Structure formats: C-alpha cells, structure tokens
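Structure first, then comments.
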Amino acid sequence: MSLEHHQIKAAFDKAATQYEQHAVLQKEAMSRLVERVQFDLKKPPNQILDLGCGTGWASQSLLDLYPQSQIIAADFAESMVNAVPKHPQVTPRVTDAHCLDVHASSLDLVFSNMMIQWCDTQTALEEIKRALKPTGLVHLTSMGEHTLHELKSAWASIDELPHVNDFMPAAELADLTLRMGYEDVIADSEFITMTYANVVDLMRDLKNIGAHNTDHQRNKGLTSPKVLKQLDAAYQQFRTVDGLYPATYELVYLRARKPEADQGLNLKIKT
C-alpha cells in the first residue's frame, strides 16, 4: 500500500482541535508504552525525543518519571505542536520523522506512540538511529496487520478498493529493525477492541483523530447512503451480543538499542 504523505499531514493538522476528545486508543497506548519505558530504563535519560507527539500528552508522563530530563516534543503537524503545553523542559518542534531536525547522536531515548505506521518505516528508523546516542533506546508503538480487520472484511464484501490502511506485521518490523543494525530488538503485540453504536460513528472517530484511509488508490469521493447501508449489513456478523460494533486494533510494541560501536552505515534495505 502506498500512503500519501501530504494527505496524512493535512489530516493530522485538521484533527488537532478534536484530537484529544477522540484519541482514546492513543492515550491508552501511550500509557502502556510509558510503563514499558519505566520498566526498561536503568538510569534516567537526559535527552528524550517524543516523536509524533500529537498535542503533547506523553511529555508530562515522561517528566513525572524523569523530572530532570529535557524533552523535544516533535510532530510534522504544526497545529498539533502548537497545542503542546508550555513547560521549561519541553521544546516543541515541527519536524518530519523522515528528516529529523535533531543532532546526530544526541538522544538517550526516542519515545514514539502510534506514529511510525504513517511513515516510510525504514527511513524513520534510520533517522531515529542517527539521532540516538550509542546505547540509546527507542520505544515505540505502531498498528499491526490485524488492525480493523472487521471493517476491512466488511468493505471487501462491497468492492475491491483499499478502504482500510494496511500495517506492517510485528515480526516484519522486528526483522527490519535487526537488519538495520539495531541491537536487543524486542517486538510484540496485543489486541485492544473498542465498540461503537454504529459504523458511521466508527468511521467518524477515525476521521476525528486523523487516522482515516490515506491509500492513494482509495475512493476519494464521499460514501453514499446506499454504500453505508451495504457496509452496515456486512458488519452485522461482527456485532456483539449487546448490539455494538467492535473495532479491533493490534497494538505493536518495538524496543531496540543503538549499538555502542555503531558504524553509521546507511544501508538501503529492500522491504
């Protein structure tokens, strides 16, 4: 699947005003990722990059853990960065994960919640590795291959167009990270299911957090009432006993370390 980068940026810029109201999954993922960081780090990091910071939720959680740390809260959506709460130890920065405005070998920790799935994964991991100090860690979450399988199946019964984004499997992400020269790579996943009153509410929720379909082959027109009715009918097989519409997300965790003697090779790996 080919994602339209400019379309993704525009979607998240537009979503900034209602993002916090709707991003329940993102908040839960962030909380779980913070717990993993706390368990893993042996000493407090001096310099942290919160990459894909959104409106800056993670900054306060990270400062609660590491009150002496300096944090760069970075996102490519300017409206998101403008919403980051002011704090003397937090530096908001508009920058793209594919070309980070961060000095090489300057970071102890890169924390990235639900961001890398909207990127060219290899390029983003290359930039993260460049920015990390030797032995620096990256902890991130992404969406896995089984995300929104109910919605994908329902659409597949209507047409062959891509209506739901495809995401990299956890094992493939781990393999790519290892081949790029990271060490101590761990990738695993878990499932989180959210429920909605109807299909329209589900699709609206995705749009309100900027996470709607961005495949360049997608149908770019509005979904007609007739098609929505077909989609609702196809979704019936997944409804819960209390009549709700489930949406399953596969939450992928990746943890990796930059080698102490990293040779700075910029390998182009075919994926």
Can you report the number of residues in region 21-79 which are over 19 Å from ILE128 (Cα atoms) and in contact with an Asp or Glu (Cβ under 6 Å, 6 or more places away or on another chain)?
3
Determine if region 226-243 includes at least one residue that is modelled with pLDDT under 95, among the β-branched types (Val, Ile, Thr), farther than 19 Å from HIS146 by Cβ and part of a helix (DSSP H, G or I).
yes
Tally the residues that are farther than 16 Å from LEU51 by Cα and outside any strand (DSSP E or B), restricting the search to region 129-170.
27
Close pairs (8 angstrom Cβ cut-off, 6 or more residues apart or separate chains): under 18 Å from ARG130 (Cα atoms) and surrounded by 15 or more Cβ atoms within 10 Å (Cβ to Cβ) in region 170-194, modelled with pLDDT under 95 and among the β-branched types (Val, Ile, Thr) anywhere
LEU176/ILE269; LEU176/THR271; MET180/ILE269
Against the condition among the acidic types (Asp, Glu) and at pLDDT 95 or above, how does GLU160 come out, does it pass?
no
Which of the residues belonging to region 63-83 are out of contact with any strand residue (DSSP E or B) (no Cβ under 6 Å at 6 or more places or on another chain) and either touching a residue at least 12 places away in the same chain (Cβ under 8 Å) or in a loop (DSSP other than H, G, I, E, B) (or both)?
LEU63, LEU65, TYR66, PRO67, GLN68, ASP75, ALA77, SER79, MET80, ASN82, ALA83
Pairs where the first residue, in region 148-161, is free of Cβ contacts under 8 Å to residues at least 40 places away in the same chain and the second is surrounded by 14 or more Cβ atoms within 10 Å (Cβ to Cβ), C-beta under 7 Å, 6+ apart:
LYS152/VAL164
For region 37-62, the count of residues that are surrounded by 16 or more Cβ atoms within 10 Å (Cβ to Cβ) and assigned to a helix (DSSP H, G or I) equals 6
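The values are calculated or read from the model by the stated rules, or taken from the named source; none is laboratory data. Every value quoted in this text rests on a predicted model; they were computed, and no experiment measured them. Counting neighbours? That spans all protein chains shown, and the Cβs are built from the backbone with ideal geometry, glycine included.
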